[in-house]
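Below you'll find the structure, written out as structure tokens, and then a few comments.
The values are calculated or read from the model by the stated rules, or taken from the named source; none is laboratory data. Keep in mind that what you see is a predicted model, and the values were worked out from it rather than measured. FYI the Cβ positions are ideal-geometry reconstructions off the backbone, even for glycines, and counts take in every protein chain you see.
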Amino acid sequence: MKPVEEIKNLVELLNRYAREYYTEDNPSVEDAEYDRLYARLEHLEREFPEWVRADSPTQRTGGVVLDSFEKYTHASNLYSLQDAFSLEEVAEFDARVRKVIEAPEYICELKIDGLSLSLVYEAGRLVVAATRGDGTIGENITEQVRQIRDVPQTLPEAIDITLRGEAYLPRKSFDKLNAERESEGLSAFANPRNAAAGTLRQLDTNVVKKRGLATWLYQMASETVLGTQEEVLEHFETLGFQVNKERVFANSLAEVYAFIEKVTAMREKLPYDIDGVVIKVNSLAQQAELGFTVKFPRWAIAYKFPPDLAETEILSVDWTVGRTGVVTPTANMAPVTLAQTTVARATLHNVDYIKEKDIRVGDVVVIYKAGDIIPAVQRVLPEKRPAGSTPLDIPELCPECDSTLVHLDEEVALRCMNPLCPAQLREKVIHFASRDAMNIVGLGPAVISSLFDKGLLADAASLYKLTEADLKSVDGIVSSAPKLLVAIEASKANSAEKVLFGLGIRHVGAKAARVLLSEFHELPRLSQLTETEISEVAGIGDVLAQSVVDYFATEGAQKLVSELIDAGVNLTYLGAVVSADGKLSGKTVVLTGTLAQLTRAEAKEILQKAGANVTSSVSRKTDIVIAGAEAGSKLAKAQELGIKIWDEEELLKL
């Protein structure tokens, strides 16, 4: 096949896969297969830049966004749970808890395989239903959720409450839905989870109503006087919510293991899909004492059932260099169906992993999905190994720059230590420009690679030195060069946590970057702090703090920060910087009701910039309640306590 034809076919195929994944919630291939094809397209586009198509996935960021759904900012973060894939990891969780809580009581619940929901009620009326999204911002799917029969539209009490739970499709409804789709000549959904997600993205609410979704509610997300998770679940039931009855208390690991064993045996007999068991500390006070990491609550863990397995043959192994210099091996395999998708690549993790399992080209291996997501090799089947097989050749030189690779004693990773390795520099800039970092629309991997090849890019700061002529020198983007230059310039105004995440510091993800900058406000200030000062921030551990200090201690990092400043890139946190006058410094404020001119998120940002502490419940410590239309019990309580009440106009004066 000619390269121009292969590029055309890859673009059309990858765009279809992206549409299936992002818009239809019905992926037909594994992520690793998509990545393999994407890498092949990148390679061809670098080799034949004159044939880069405007509709190539390398020329845009992310998938299709449904503009018919409004974004919704959650009042508090929706944390995901840390996964445990073995009983040993559950035991490690228990040991961590017992370092803080002497004799914890756990409540064990089923882990429903559905779509996370947040439900917000004011004065006993459902006002918002939203997806989890990234934990901070989700999609407003209120009208869709109103069609789920077991979700109360009004509560028996006129209270303000926020709950979290899961929307799912019962197996009976799933089978009926697929039978109808097949009779209509449509493709069947792969599993109930994808069907549930796809249903809640339907714009026609009649379709949602017809499909028979259901819910389980399991977490209180607003302040409560209740003392335990069990009391929370019982309270939900009195309010009319669906709560799963399959739960037990456990005071020891043996009791936790017994419940896991029981649930594993009954799993296939349930009328709905589950993918594990959630173990939570029952006492809410103890949950508060244990707190959160940047990503997870320390008081809960999700034990995941062992994954599906499949046999296949390893055909070859690729070695790729990441932005931190880690050289990662990936196996190319004979395609095989695993967990309802076709996979042809699997991670081999690192050299130690390969040696431990004695993985060789030509081996027949058993593969599984780690966390039901990433294909990995579980074990080799030596009885099926071909005659004359030899151990896998481990590279000694970097596949990108020919520098000697290092296997550090304290690490399992094989690393290229050359700070000027083209692969590392290129990957760092690709990360810096990515959607979750600086979000420079149009500056995809193919364009960045071409700019590197032409010597026009060296690091993130050099992005801001590019001229229109530089961009037009890249074949395929001549017409879009002015727009790309505008996007690069616009990125200078991003809040500083985007820059921090974009630097690619080890262990510093998007959430950790936001936590750090919301605390220290200025990135240059953060770059001068000690490990002790950084680790004192809630949710930031010693390892992450040391990683930040080590990064900024390098001459290259200080030079990069200086160049970003010279380029005019904003390095100040814009999320909740208190204004100079701090009109509401030290004040506790509660928002209630519907505002006419501001969204809840906009109102909260105004208050925080004025120095206020915005909370969700009214108490004697509350200084001001801002009441919009249809304000309910919070307004009544504020009047009863004699708390100052503002309308939206008072808020806008800030």
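Brief remarks on what is shown
- Some residue of the range 227-237 being over 19 Å from residue 273 (Cβ atoms), assigned to a strand (DSSP E or B) and either aliphatic (A, V, I, L, M) or within 29 Å of the chain's Cα centre (by Cα) (or both): yes
- Selection of the range 238-276 for residues being within 22 Å of residue 174 (Cβ to Cβ) and assigned to a strand (DSSP E or B) yields 274, 275, 276.
- Residue match in the range 570-585 (condition: within 21 Å of residue 74 (Cβ to Cβ), part of a helix (DSSP H, G or I) and within 33 Å of the chain's Cα centre (by Cα)): no
- Residue 420 being exposed (fewer than 15 other Cβ atoms within 10 Å of the Cβ), without any contact (Cβ under 8 Å) to a residue 40 or more places away in the chain and either among the hydroxyl-bearing types (Ser, Thr, Tyr) or within 27 Å of residue 558 (Cβ to Cβ) (or both): yes
- Tally of residues being touching a residue at least 24 places away in the same chain (Cβ under 8 Å), over 21 Å from the mean Cα position of the chain (by Cα) and in a strand (DSSP E or B) across the range 288-327: 14
- The set of residues from the range 117-141 being among the hydroxyl-bearing types (Ser, Thr, Tyr) and either crowded, with 20+ Cβ neighbours inside 10 Å or in contact with a Leu (Cβ under 7 Å, 6 or more places away or on another chain) (or both) comprises 118, 121, 131.
- Residue in the range 529-538 that is in contact (Cβ under 8 Å) with a residue 40 or more places away in the chain, buried (at least 18 other Cβ atoms within 10 Å of the Cβ) and in a loop (DSSP other than H, G, I, E, B) present: no
- Near pairs, Cβ below 6 angstrom, 6+ apart or cross-chain, from the range 199-219 (buried (at least 16 other Cβ atoms within 10 Å of the Cβ)) to any residue that is modelled with pLDDT under 85 and not in a helix (DSSP H, G or I): 208/202
- So residue 90, is it among the β-branched types (Val, Ile, Thr), in contact with a Leu (Cβ under 9 Å, 6 or more places away or on another chain) and not in a loop (DSSP other than H, G, I, E, B): yes
- Of the helices (runs of 4 or more DSSP H) lying entirely inside the range 449-524, those containing at least 2 residues that are surrounded by fewer than 20 Cβ atoms within 10 Å (Cβ to Cβ) span 468-472, 481-490, 510-520.
- Yes/no for residue 45 being in a helix (DSSP H, G or I), surrounded by fewer than 19 Cβ atoms within 10 Å (Cβ to Cβ) and at pLDDT 60 or above: no
- All of (1) within 21 Å of residue 70 (Cβ to Cβ); (2) modelled with pLDDT under 80; (3) not basic (Lys, Arg) hold for residue 617 with one exception: (1).
- Being among the basic types (Lys, Arg), farther than 20 Å from residue 126 by Cα, assigned by TED's automatic domain parsing to the domain that holds residue 491 and surrounded by fewer than 17 Cβ atoms within 10 Å (Cβ to Cβ) is a property that does not hold for residue 583.
- Filter result for the condition that a residue is in a loop (DSSP other than H, G, I, E, B) and at pLDDT below 85, over 608, 597: 597
- Sole residue being in contact with a Lys or Arg (Cβ under 7 Å, 6 or more places away or on another chain) and closer than 29 Å to residue 555 by Cα, chosen from 330, 324, 320, 404: 324
- Taken together, the criteria exclude residue 619 from residues that are in the same structural domain as residue 496 (by TED's automatic domain parsing), farther than 28 Å from residue 138 by Cα, loosely packed, with under 14 Cβ neighbours inside 10 Å and of a type outside the set (A, V, I, L, M).
- The range 242-270, residues that are out of contact with any helix residue (DSSP H, G or I) (no Cβ under 7 Å at 6 or more places or on another chain), under 15 Å from residue 306 (Cα atoms) and touching a residue at least 24 places away in the same chain (Cβ under 8 Å): 260, 263, 264, 267
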